[in-house]
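S.K.: Just dropping this structure here.
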Amino acid sequence: MGTRLQSYLKRAVGVAASLAIGLTVVAINNTVWAVSQDFPLTELWGEATLFQVMTASSPFLVLSIFGISACRSWIVGLSLTVALWGYYLWDTTHYKGGGANIGLGILLLFSPVPITIASLAALATYGNRRAADGVDADR
């Protein structure tokens, strides 16, 4: 019973960390955008914020639900998430087209899928530390 409880606690900590990552990414994004556009900080915290947090945290939720605690997977996911949301921030402050950037919106909507796949693919290189493709490095 002790190992089952430890497994549940490990996953609960992972879920909490996932939600914290998503909230942090969206909070930094909204804060920087509001400050750069001279809007009040509460301007962007509306009904879409919960969806944004869930979108940013969903790759990490998948990792934590499956009990994957390999740092490599989390670092890959975090790097891709920060890069994508950083580009979203840059685009929203520099986009000169009329209206919203629909392509970027669709990319953000479906971004958890490739980020999760890349995070899980990072596990393939985790088992054999000598070579990523499974071939011995000394051959």
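Each value in this text was obtained by applying a stated rule to the coordinates, not by laboratory testing. This one's a predicted model, so the numbers in the text were calculated from it and none came from an experiment. So basically every Cβ, Gly included, is an ideal-geometry build from the backbone, and we count neighbours across all protein chains shown.
S.K.: Between Val15 and Thr93, how high is the FRET efficiency from 1/(1 + (r/R0)^6) when r is the Cβ-Cβ distance and R₀ = 30 Å? Nearest 0.05. Intermediate values should be presented prior to the final figure.
M.R.: Working: r = 32 Å, r/R0 = 1.07.
For R0 = 30 Å, the calculated efficiency reads 0.40.
S.K.: Quick one: if you stick a label point 7 Å off each Cα along the C-beta vector at Val113 and Thr24, how many nm between them?
M.R.: Between Val113 and Thr24, the simple spin-label model gives 2.8 nm.
S.K.: For helix 49-65, what angle does its Cα long axis make with the longest principal axis of the chain, in degrees from 0 to 90 and rounded to 10?
M.R.: The answer is roughly 0 degrees.
S.K.: Determine the relative contact order of the chain: mean sequence separation of Cα pairs under 8 Å and six or more apart, normalised by residue count, in whole percent. Intermediate values should be presented prior to the final figure.
M.R.: Working: 117 pairs, mean separation 37.9, N = 139.
Once divided by the residue count of the chain, the mean separation gives 27 percent.
S.K.: Short version: ³J(HN,Hα) in whole Hz for each residue of the stretch 96-107, in order, from phi by Karplus 6.51 cos²θ - 1.76 cosθ + 1.60 (θ = phi - 60°), x for Gly and Pro, what are they?
M.R.: Listing the rounded values in order: 9, x, x, x, 8, 8, 5, x, 5, x, 5, 4 Hz.
S.K.: What is the extension gain from Ala121 to Glu47, computed as 0.36 nm multiplied by their sequence separation minus the C-alpha to C-alpha distance, in nm to one decimal?
M.R.: Numbers: separation 74, 0.36 × 74 = 26.64 nm, distance 3.34 nm.
Answer, rounded to one decimal: 23.3 nm.
S.K.: So what's the back-of-envelope 222 nm ellipticity for the chain, counting only DSSP H runs of four-plus at -39500 (n - 2.57) apiece and dividing by all residues, rounded to 500? Please report the intermediate quantities before stating the final value.
M.R.: Values: 5 runs with 95 residues, N = 139.
Calculated mean residue ellipticity at 222 nm is -23500 deg cm²/dmol.
S.K.: In addition: Classify the stretch 2-125 from the C-alpha gyration tensor, please: rounded if a/c falls under 1.5, else prolate or oblate depending on whether a/b exceeds b/c.
M.R.: prolate
S.K.: Please turn the phi angles of the stretch 67-82 into ³J(HN,Hα) values with the Karplus equation 6.51 cos²θ - 1.76 cosθ + 1.60 (θ = phi - 60°), one per residue in order, whole Hz, x for glycine and proline.
M.R.: For the stretch 67-82, the Karplus-derived couplings read x, 7, 10, 5, 4, 4, 5, 5, 5, 4, x, 5, 5, 5, 5, 5 Hz, x marking Gly and Pro.
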